[in-house]
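The values are calculated or read from the model by the stated rules, or taken from the named source; none is laboratory data. What you are looking at is a predicted structure, and each value in this text was computed from that prediction instead of being measured. Note that we place each Cβ from the backbone using ideal geometry, even for glycine, and neighbour counts take in every protein chain shown.
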Amino acid sequence: PSDHEMGPWCPDNITDNAEAGGIWLESGEVYDVDGAFIQNMANFYNDEKWQMYDENGDVFITATEDDCINAANPDVGAEYENFCVECIPSYITDLSQTWLIPVTPVLQSENAYFSTGGGGPMTASTIPSTRGVALNGIEYSAPAPTNSILSAYTLAPFDDAGGHINVHQGYHYHAATGYSTTIDQDDDHAPLIGYAMDGNGIYEMLDDSGNESTDLDDCRGHSDDTRGYHYHIDAAGNNNFINCLKGAYVIE
């Protein structure tokens, strides 16, 4: 990202404060992944198998690129259970991403629902999984598969900006937490933070008075005379951005 640092993700020790780690999204809430969170995971998830630190309080953290890749595998081996998965920027050396987004949005008669996340069933196999792109160039990704991550007894935190890294996508967001570039509006409207894959603008959830729009449709969008049709981002804790695309999108 052009406007903030990446990381940190995993704290080193159960005595570390929130500045040493990132965040985790669970049941609509955002939690600091500090040492206390790691220490309390058995209680948090009501499962005594969680034990992500040793007798000295040091947290088990993936240490290499191979560890990062293997721990993120859907069939992760038992050797990575109770590891905090941390993929760092230096692992990404030869990766570029290109997104094709309409310059002029064209609204459609039917919503195109994503296969994952809120809203409804997928309506076409060609719908992109990427929700959009932030103004700083970072992808708004599909919801993180937190259930799969947790079922393998791993944790893959997001940094305070809502992003983390895998070797296939590079750095990408799973939540909007207010760290990336915004464009303020002349009225009380929420700031612009990015564009969806159909070219419609994505704005923060709350306006300048701290209020959320009450007339959002299934996609989390609505229209006004100034901006036309546009979306408002979902709450960070929901591991979601928007639910569907109202406009035409590019099929690659």
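Within the stretch 172-182, identify whether any single residue is over 15 Å from the mean Cα position of the chain (by Cα) and more than 18 Å from Thr130 (Cα to Cα), and answer yes or no. It would help to see each step written out before you state the result.
In the first step, residues of the stretch 172-182 are kept if they are over 15 Å from the mean Cα position of the chain (by Cα); the result is 181-182.
After this cut, where a residue has to be more than 18 Å from Thr130 (Cα to Cα) as well, the list is 181-182.
Yes, there is a match, as at least one residue in the stretch 172-182 is over 15 Å from the mean Cα position of the chain (by Cα) and more than 18 Å from Thr130 (Cα to Cα).
Quick one: which strands (runs of 3 or more DSSP E) sit completely within the stretch 140-198 and have at least 2 residues that are in contact (Cβ under 8 Å) with a residue 12 or more places away in the chain and touching a Ser or Thr at 6+ places or on another chain (Cβ under 8 Å)?
In the stretch 140-198, 170-173, 192-196 are the strands (runs of 3 or more DSSP E) which contain 2 or more residues that are in contact (Cβ under 8 Å) with a residue 12 or more places away in the chain and touching a Ser or Thr at 6+ places or on another chain (Cβ under 8 Å).
Sort out which residues of the stretch 209-252 are among the acidic types (Asp, Glu) and over 15 Å from Gln108 (Cβ atoms), and write them in order of number.
Glu212, Asp215, Asp224, Asp225, Asp234, Glu252, listed by residue number.
If we keep just the residues of the stretch 199-225 that are hydroxyl-bearing (Ser, Thr, Tyr) and either assigned to a loop (DSSP other than H, G, I, E, B) or touching a Leu at 6+ places or on another chain (Cβ under 8 Å) (or both), which is nearest to Glu252 (Cα to Cα)?
Tyr203
What's the total number of residues in the stretch 54-73 that are part of a strand (DSSP E or B) and in contact with a helix residue (DSSP H, G or I) (Cβ under 6 Å, 6 or more places away or on another chain)?
Within the stretch 54-73, residues that are part of a strand (DSSP E or B) and in contact with a helix residue (DSSP H, G or I) (Cβ under 6 Å, 6 or more places away or on another chain) number 1.
So how many residues does the stretch 51-75 have that are more than 21 Å from Gly170 (Cα to Cα) and among the aliphatic types (A, V, I, L, M)?
2
What single numbered condition from (1) assigned to a loop (DSSP other than H, G, I, E, B); (2) touching an Asp or Glu at 6+ places or on another chain (Cβ under 9 Å); (3) more than 23 Å from His174 (Cβ to Cβ) fails to hold for Ile242?
The failed condition is (3).
Under the condition of being at pLDDT below 90 and crowded, with 17+ Cβ neighbours inside 10 Å, which residue from the stretch 71-92 is nearest to Asp12 (Cα to Cα)?
Ala71
Is one or more of the residues making up the stretch 119-129 at pLDDT 90 or above, crowded, with 17+ Cβ neighbours inside 10 Å and within 28 Å of Ser180 (Cα to Cα)?
no
Name, by its number, the condition in (1) within 25 Å of Ala142 (Cα to Cα); (2) assigned to a helix (DSSP H, G or I) that does not hold for Ala42.
Unmet for Ala42, out of (1) within 25 Å of Ala142 (Cα to Cα); (2) assigned to a helix (DSSP H, G or I): (1).
Tell me the residue from Ala161, Ala176 that is under 21 Å from Glu29 (Cβ atoms), at pLDDT 95 or above, in contact with a Gly (Cβ under 7 Å, 6 or more places away or on another chain) and among the hydrophobic types (A, V, I, L, M, F, W, C), please. Reasoning before the result, please.
On the way: Ala161 fails: in contact with a Gly (Cβ under 7 Å, 6 or more places away or on another chain).
Only one candidate qualifies: Ala176.
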